[in-house]
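What follows draws every value from the coordinates through simple rules; no lab data is involved. The shown structure was predicted, so the numbers you read here are calculated from the model rather than taken from an experiment. No Cβ is skipped: glycine too gets one built from the backbone with ideal geometry, and neighbour counts run over all protein chains shown.
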Amino acid sequence: MPHVLALDFDGVISDSLLEAYLITWRIAGRFDSRLAPADGVLPTIENIHSFRRENLEHWNLFKALVPFCNRGEDYLLAHRLVLEKRRITTQEEFNAFAENRPTDQLDRFHEEFYLERYRLADEDRERWQSLSTAYPGVAEALSVLSGKFTLAVATSKDRESVLRLLQNYGIAGIFEPEAVLDKSSGASKRAHLTALHELYRCPYHQITFIDDKVAHLIDCLPLGVRVYLSGWGYNGPAEHEQARRKNIPILELEELSSIKPA
């Protein structure tokens, strides 16, 4: 019976926030003109690094909200929160803000977010891939772990982009195609882990899950899976303290390859 190691993608395998930041700036003004760049000039795949440097305060505030973002449309909410100078410190506050936004607008942003992603990827594949780099040492660690576990991806990202990037990182072959679960497999990581439990017919205690969002890990605890918070992902001291209160271990990047089956 297999031991399964499931990993979130963004914030665990891939450092991809800059790509999401670019897409958000490029399309947010279609939903609210205040969310477009003040000079009306949209950032491009070629100049997003300099654009980030010129908007460093916004970038840092945006990045601080990412731990509360679960799907593509949440980046619109984060962008709006920064520009409206609203202070959000918990997932509950972020969710309450989301509930007051028009659902149809969020759905349209979600759709346009992915259309823009595919457009950028098709237009300049090399530059698009360069915006989402594998964390240092992750590819090597996962190659080692593939000898101990059946590896899986559990992500809210789209499967097509994940497969493209895994191929670029040189590790697509260590994941069985059916084990790459994306947003179409369920709205929560709990749904993804349930799907893996059914796919591999393994008990939950033989599933290990690594995510950079502590809220996702807490939601999965009742299943009986073993969980780790990736200390290198999109989180910080507040999320680390929350993990400690729930007895969730914080995994450092250099420890990744040493994980053993439960």
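Numbers at a glance
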item: Using θ = phi - 60° and Karplus 6.51 cos²θ - 1.76 cosθ + 1.60, couplings along segment 4-17 (whole Hz; Gly, Pro as x); result: 9, 10, 9, 10, 5, 9, 6, x, 10, 8, 10, 8, 10, 5
item: For the chain, calculated [θ]222 nm from helices alone, where every DSSP H run of n ≥ 4 adds -39500 (n - 2.57); result: -13500 deg cm²/dmol
item: Evaluated over segment 17-130, the Cα radius of gyration and Dmax, each in Å; result: 13.6, 39
item: Value of Rg/Rh across segment 184-255 [Cα atoms, Kirkwood radius]; result: 0.98
item: Inverse mean reciprocal Cα-Cα distance (Kirkwood Rh) of segment 116-177, Å; result: 12.6
item: For segment 119-251, size of Cβ-based charge dipole, Lys and Arg +1, Asp and Glu -1, in debye; result: 420
item: Proximal charge balance of L251 [Cβ under 14 Å; K/R count +1, D/E count -1]; result: -3
item: Computed magnitude of the charge dipole of the chain (debye, nearest 20; Cβ of K, R +1, Cβ of D, E -1); result: 480
item: Segment 233-262 and segment 68-94: distance between their alpha carbon centers, rounded to Å; result: 23
item: Angle in degrees between helix 103-123 and the longest Cα principal axis of the chain, rounded to the nearest 10; result: 80
item: Dipole axis of the chain (+1 Lys, Arg; -1 Asp, Glu on Cβ), positive-most option in S130, A36, P222; result: P222
item: The chain, relative contact order [Cα under 8 Å, separation at least 6], %; result: 28
item: Segment 129-262: equivalent-ellipsoid semi-axes (sqrt of 5 x gyration tensor eigenvalues, Cα, Å); result: 21, 18, 15
item: Surface/4 estimate of mean projected area, convex hull on alpha-carbon atoms of the chain, nm²; result: 13.3
item: For segment 21-81, convex hull of alpha carbons as volume per residue, Å³; result: 81
item: Calculated on alpha-carbon atoms, Rg and Dmax of segment 80-145 in Å; result: 17.6, 46
item: Reachable lysines from K260, criterion Cα separation under 25 angstrom, eight or more residues apart if same chain; result: K148, K189, K213, K246
